[in-house]
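Presented below is the structure to which this report refers.
The values are calculated or read from the model by the stated rules, or taken from the named source; none is laboratory data. The shown structure was predicted, so the numbers you read here are calculated from the model rather than taken from an experiment. Here Cβ is always computed from backbone atoms with ideal geometry, including for glycine, and neighbour counts include all displayed protein chains. The accessibility values were calculated without ligands, DNA or RNA, using every heavy atom of the protein model including side chains. Shrake-Rupley method; radii C 1.70, N 1.55, O 1.52, S 1.80 Å.
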Amino acid sequence: QKEVEQNSGPLSVPEGAIASLNCTYSDRGSQSFFWYRQYSGKSPELIMFIYSNGDKEDGRFTAQLNKASQYVSLLIRDSQPSDSATYLCAVNNAGNMLTFGGGTRLMVKP
Amino acid sequence: DAGVIQSPRHEVTEMGQEVTLRCKPISGHDYLFWYRQTMMRGLELLIYFNNNVPIDDSGMPEDRFSAKMPNASFSTLKIQPSEPRDSAVYFCASRPFTENTEAFFGQGTRLTVV
């Protein structure tokens, strides 16, 4: 079974700090990885995706991928209260099937 | 494009009744996904289609659930008969065939079975 695991949290960080969100996956054949943000009562929206080993930066967000360790992470620099949401890791499996982790709830305290 | 459109946004029904959820994907997208989200189980993939053909329905919880995609612009998820444990938010999402592209989600349908 293709699984994507995340710590459910909540992860609490002070405003201005770095938030680090982690995700592991079981399918070694997975090629691309997505981070979605979901506010309470809303639908998931894409933050960024990554498919090469290493880091990918987009503004305050950095995605990190290590395929050998089957590990993806998302760093949020200078965290803001508006970043408080649930962050979902998604893995693109064979057949372009998108499997989601359970999500990590992030709370940024002013 | 208006994005992925789902209807209804909210549905309250009695146990045993048939429920039909509807989805209009983004025009030109090749894949359509149905997900169910609950606090306990997170976002679960129920079924997905490629070019209107069901590819994987292993996530459909039981025979009470069925999904169809009669054409490229419309899909339904039907629950018959509905049970209280079916209460959840059901999302439809679509994505193009191009590799490494995101899936775009609809606003979801919040289903409550009483």
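Key figures for this structure:
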item	result
Single unsatisfied condition, residue B:77 versus (1) open to solvent by less than 30 Å² (accessible area, probe 1.4 Å); (2) under 16 Å from residue B:5 (Cα atoms); (3) over 13 Å from the mean Cα position of the chain (by Cα)	(3)
Counted residues, segment A:49-94 - those being within 14 Å of chain B (Cβ to nearest Cβ), among the polar types (S, T, N, Q) and in contact with a Pro (Cβ under 9 Å, 6 or more places away or on another chain)	1
Qualifying residue in segment B:21-35 (condition: away from chain A (no Cβ under 11 Å) and farther than 16 Å from residue B:4 by Cα)	no
Every residue from segment B:2-18 that is within 24 Å of residue B:72 (Cβ to Cβ) and either of a type in the set (Val, Ile, Thr) or open to solvent by 30 Å² or more (accessible area, probe 1.4 Å) (or both)	B:2, B:4, B:5, B:7, B:8, B:9
Filter result for the condition that a residue is in contact (Cβ under 8 Å) with a residue 60 or more places away in the chain and open to solvent by less than 30 Å² (accessible area, probe 1.4 Å), over A:73, A:79	A:79
Selection status of residue A:37, closer than 19 Å to residue A:98 by Cβ and within 14 Å of chain B (Cβ to nearest Cβ)	yes
Selection status of residue A:109, surrounded by fewer than 18 Cβ atoms within 10 Å (Cβ to Cβ) and under 24 Å from residue B:98 (Cα atoms)	no
Unique match (being out of contact with any Leu (no Cβ under 8 Å at 6 or more places or on another chain), part of a strand (DSSP E or B) and under 21 Å from residue A:89 (Cβ atoms)) among B:44, B:99	B:44
Unmet criterion (only one of (1) away from chain B (no Cβ under 14 Å); (2) among the acidic types (Asp, Glu); (3) not in a strand (DSSP E or B)) for residue A:27	(1)
Yes/no for residue B:49 being open to solvent by less than 40 Å² (accessible area, probe 1.4 Å), within 14 Å of another protein chain (Cβ to nearest Cβ) and without any contact (Cβ under 8 Å) to a residue 60 or more places away in the chain	yes
Hey, residue B:110 surrounded by fewer than 18 Cβ atoms within 10 Å (Cβ to Cβ) and not hydroxyl-bearing (Ser, Thr, Tyr) or not	yes
